[in-house]
1. Those residues that are in contact (Cβ under 8 Å) with a residue 40 or more places away in the chain and either part of a helix (DSSP H, G or I) or within 14 Å of the chain's Cα centre (by Cα) (or both), I need them from the range 15-38; list them, please.
2. Just one of the numbered conditions (1) open to solvent by less than 80 Å² (accessible area, probe 1.4 Å); (2) free of Cβ contacts under 8 Å to residues at least 40 places away in the same chain; (3) in a strand (DSSP E or B) is not true of A169; which one?
3. Across the range 46-80, which residue is nearest to P22 (Cα to Cα) among those that are hydrophobic (A, V, I, L, M, F, W, C) and assigned to a helix (DSSP H, G or I)?
4. Report yes if I43 is open to solvent by less than 30 Å² (accessible area, probe 1.4 Å) and assigned to a loop (DSSP other than H, G, I, E, B), otherwise no.
5. What is the residue count in the range 127-140 for residues that are out of contact with any helix residue (DSSP H, G or I) (no Cβ under 8 Å at 6 or more places or on another chain) and crowded, with 17+ Cβ neighbours inside 10 Å?
6. Which condition number in (1) open to solvent by less than 50 Å² (accessible area, probe 1.4 Å); (2) in a helix (DSSP H, G or I); (3) out of contact with any helix residue (DSSP H, G or I) (no Cβ under 8 Å at 6 or more places or on another chain); (4) of a type outside the set (F, W, Y) is the one that A11 fails?
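The values are calculated or read from the model by the stated rules, or taken from the named source; none is laboratory data. The shown structure was predicted, so the numbers you read here are calculated from the model rather than taken from an experiment. Cβ coordinates were reconstructed from backbone atoms using ideal geometry, including for glycine residues, and neighbour counts include every protein chain displayed. Ligands, DNA and RNA are stripped out before the accessible areas are found, and what is left, the full protein with its side chains, is counted by its heavy atoms. Shrake-Rupley method; radii C 1.70, N 1.55, O 1.52, S 1.80 Å.
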Amino acid sequence: MNKKESNTVDASKVTLTELMLPSHTNFSGKIHGGYLLQLMDQIAFASASKYSGCYCVTASVDTVDFLNPIEIGELVTLKASVNYVGNTSMVVGIRVIAENIQTGVVKHCNSSYFTMVAKDEMGNPTKVPQLILYHLEEVRRFYEALRRINQKKKLASLEEKFDYQSKEALDFLKRYNVVIAIK
């Protein structure tokens, strides 16, 4: 395969619009979060694969906050693009909006970030093209992705050092709605 050495954010842009049907609902009659996550995973795959020219897999999902419920009959639009690239990974930003077809009211329902890894024909991680940033908005998104990546690394470091078995840690939990009943 003749892969590109660099690529643009525009080359990764994908939009998916789907009408929400009764079969997509949860027990409360709203669109099921799991169904929305499935759509988000599909568009993240499409965006990362389109950008890299490779098969891609989901490595992690960050910040899935369901901001507004989605109703049956609304048009849901997902927009995705690559915000950051590493050596073999990409962070795909996804924005989800829902539109009431009858009233025209549009609401922001979710923004999320999927880390995708490019794979070669043997299933091994493979290098992705450099990201060409043409606009300050693309630079902002790249920096925000860097910030999230660094925060995750710092959190992982803190978690490694934290001794949850210590007397102090167990005593601290008395402030919360838990009963420590360890034998």
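1. P22, H24, L36
2. (3)
3. A46
4. On the way: open to solvent by less than 30 Å² (accessible area, probe 1.4 Å): yes; assigned to a loop (DSSP other than H, G, I, E, B): no.
It is false that I43 is open to solvent by less than 30 Å² (accessible area, probe 1.4 Å) and assigned to a loop (DSSP other than H, G, I, E, B).
5. 1
6. Going through (1) open to solvent by less than 50 Å² (accessible area, probe 1.4 Å); (2) in a helix (DSSP H, G or I); (3) out of contact with any helix residue (DSSP H, G or I) (no Cβ under 8 Å at 6 or more places or on another chain); (4) of a type outside the set (F, W, Y) one by one, A11 breaks only (3).
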